Amino acid sequence: MSGKTSRRDFVKAGTAASVVATVPAAAFGQAPTVLVRRATPPVVISSANGHEYRNGGPRTCVEEAFQRIVKGEDVLDSLVAGVGIVELDPDEMFVGYGGLPNADGVVQLDSCCMHGPLKRAGGVACLEGVRTPARVAKAVLDHTDHHLLVGAGAQAFARQMGFTIEADLNTEKSRARWLEWKRRLDPGHWLDPAKRSDAAEAARRTMVADGLLGSSHRWGTINCDGVGPKGEVCGVTTTSGLSFKIPGRVGDSPILGAGLWVDDAVGAAGSTGRGEANLYNLSSHFIVEQMRQGRSPKDAGMDALRRVASNTVEKRLLTPEGHPAFQLVFYAVGKKGEYAGVCMHGKVNGQAEAFAVCTEKGPEILPCEPLFEGNLAE
């Protein structure tokens with residue numbers, strides 16, 4: 001015996017302690033005694049990449065966040081530490097360090113976070129040179145009266161807070177993908193502006209078809225939300241944004257109510273996928289408000305997907321069947337620990353959509369509930 005306590009044993013012990021703590025001392029020694037559990041079962045939910053990457057360590061994002069929560073650490077601090085594993089992993093090309101750059105080859109990162117009990121939020125957008133934008137977003141929450149800092153101002157703030165500013169966050173892998181995209185777009189990269197957007201999207205699609213980009217990761221992001229043992233609700237979203245985006249483009253991830261919304265009295269919701277569609281509908285806020293009215297996380301998420309679908313009217317954004325021609329995924333968790341992952345399409349190019357969760361049972365990858373069954377061919 002090594003004498004070490006496993007994570008599962010630790011969680012069980014913590015759970016037992018939370019039950020015993022609800023029983024008056026005078027009750028011991030008397031029989032019969034009915035134990036009533038008053039604590040909320042902790043839970044962490046995230047996009048699937050929250051249980052794919054470890055950055056060389058022993059735990060994934062959801063495992064790290066859950067372990068910290070059951071140890072009694074602040075829920076938002078735990079979530080930020082969890083997504084930091086993904087942000088720092090050079091093999092994850094859609095979040096943080098090594099994230100796919102914009103059209104000029106510059107990695108620009110977005111993130112926001114919300115602390116339910118404190119009623120505070122912070123975010124950054126178009127941040128360059130810092131590998132962990134979620135930590136900078138948390139610093140905005142902790143040290144300023146503002147909710148969102150962008151561009152050079154966000155970087156200056158990060159420098160003032162002691163973050164290391166790097167000249168280039170590309171890895172050899174991300175730079176190689178950008179150079180390939182440029183080659184496919186146009187050798188000179190100077191197209192008629194009216195044609196450039198279509199050409200850029202066509203280049204992305206051919207790279208997906210050739211296996212150089214994951215079909216579900218053109219808008220790669222990680223959203224991670226959690227509920228602590230006292231019912232504390234927090235969340236964080238972080239991303240490198242749409243691959244090869246127009247410089248300065250900001251999607252839904254750092255925008256409160258879109259990429260993330262937290263209400264400590266209700267729950268939290270976040271998203272990955274086409275940010276423009278989510279921004280137009282402020283879906284995360286909508287989901288939490290639906291949950292406030294008594295809808296389950298799953299039903300609230302489905303309502304949000306239907307709302308997005310009904311507001312998608314441009315022909316270029318529709319399939320021949322009239323459905324949105326893009327993927328959008330929502331992750332929602334209620335204050336009592338109930339959770340769900342829902343998606344616009346069940347599969348994209350044959351790949352099923354999934355999400356990650358960690359509870360007392362340990363970490364799992366679970367299938368998302370689709371609004372439209374079948375496969376979206378991109």
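The values are calculated or read from the model by the stated rules, or taken from the named source; none is laboratory data. Just so you know, these numbers come straight off a predicted model, no measurement behind them. When we count neighbours, we look across all protein chains shown, and the Cβ atoms used for this are built from the backbone with ideal geometry, even at glycine. Ligands, DNA and RNA are stripped out before the accessible areas are found, and what is left, the full protein with its side chains, is counted by its heavy atoms. Shrake-Rupley method; radii C 1.70, N 1.55, O 1.52, S 1.80 Å.
Do you know which residues across region 84-116 are hydrophobic (A, V, I, L, M, F, W, C) and within 10 Å of Tyr53 (Cβ to Cβ)?
Passing the criteria: Ile85, Val86, Leu88, Val95.
How many of the residues making up region 104-128 are buried (at least 19 other Cβ atoms within 10 Å of the Cβ) and either of a type in the set (A, V, I, L, M) or in a loop (DSSP other than H, G, I, E, B) (or both)?
10
I need the full set of residues from region 53-96 which are open to solvent by 40 Å² or more (accessible area, probe 1.4 Å), touching a residue at least 60 places away in the same chain (Cβ under 8 Å) and within 27 Å of Arg177 (Cβ to Cβ), in order please.
Pro90, Asp91
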